[in-house]
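A short write-up of the structure that comes next.
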Amino acid sequence: MMLSFIVRLILLLFIIGGMIAYIGNYVGKYIGKRRLTLFGLRPRYTATAITVISGILIAISTLAVLLIVSQDARTALLGLDQLKKEISLKSAELKTANETLTRMNLELAAKLQQQKELQANLETAKKEIALQLLTKKTLNREIAAARKGQVLFGNGEVISLSLIQAGPEKEKLTTGLDKILSADKDLLIEAENTEATAAELAEKTGVYVVKLTATRNVWRGEIVPARFELIANRLIFKSQQEISSLDIPAGLSGAQIEGQITTLLKKVHQSARENGVLPDPSGSLGSVPYAQISELARKIKSNGKKVNLKVSAAADIYSIGPLDINFRTTYK
């Protein structure tokens, strides 16, 4: 249908153009033969003017036909400025739309990044919560076991204290450490720790306390994971060296005097710990029999005077202990 319209249009333009050209050529010949003039021109120039006018008429008629039969031609020729304005407006709208789209894409990318970060934080929080729940469960188990008396050793608790002579013979040192371990068949210690402890002792001199400690809470019936720690066996108190003292006023009852003696013993134990005396695996530095405290209180009460009670070392006391002490009284 479209092709037929174009063919007819071309034929129409050919016919109109041919007719105008023929008429123009005829008029030109006629004027040339008659030697007529237009607008005062010579015949020669008049014929030329007729030819030019014919060409102009052909162009005008062609344009007129196009404008009559083609809406697109009318739009292109008559509405070109408006079309340019519309194109400019649409271009501006397109630019604005592209900018809006770019901004929306950036905002979307930012939101997606925030969502990813939020998801990552959520996953981290879930892991932390799971870890806390596991820790809580473990603690509850340990607390329940402790209440039932099932905890054999706490984390870091002393299992045993032993003395060993440091020196360059590493093999003997390793054998000595193995003997310490063999005292308890339920102990489990890493070979690297034994090797490192023996190597450290091989570089030292003197006597050292080998402290064997648990590396985690251990329930009864479990294998005990442990590790070695070395502490120099220093002389803490010399024999007969005063450790602490207390004035006990006159007129106290026997029970009150016993309380004063107990207070003094607590000060002695605190001083020993602060100076480096190690408690035994039970946590004790040593104890004084109640009978000895009771007898001492009786003597002080029977004297009826104010007394200065001193506690001194019964013998040289080293880091490994025990805290062996004597009482000395001075009445005032």
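Quick rundown of the values:
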| item | result |
| --- | --- |
| Order of Leu188, Leu264 - criterion: other Cβ atoms within 10 Å of each residue's Cβ, fewest first | Leu188, Leu264 |
| Cross-link pairs Lys266/Lys306; Lys238/Lys301; Lys179/Lys238; Lys267/Lys299; Lys179/Lys211; Lys310/Lys332 - those with Cα-Cα distance over 24 Å | Lys238/Lys301; Lys179/Lys238 |
| Residue order, fewest to most surrounding Cβ atoms within 10 angstrom, among Ile223, Ile231, Ile164 | Ile223, Ile231, Ile164 |
| Whole-Hz couplings from phi, Karplus 6.51/-1.76/1.60, listed for the stretch 192-201; x for Gly and Pro | 4, 5, 4, 4, 5, 5, 5, 5, 5, 5 |
| Residues of type lysines that Lys95 reaches as a straight line, Cα spacing below 21 Å, ignoring anything fewer than 8 places off in the same chain | Lys84, Lys85 |
| Residue order, fewest to most surrounding Cβ atoms within 10 angstrom, among Phe327, Phe237 | Phe327, Phe237 |
| Built amide H within the under 5 Å cut-off of Ile159, gap 5+ | Leu212, Thr213, Ala214 |
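Coordinate-derived values only; no laboratory data. All values reported here derive from a predicted model rather than from experimental measurement. No Cβ is skipped: glycine too gets one built from the backbone with ideal geometry, and neighbour counts run over all protein chains shown.
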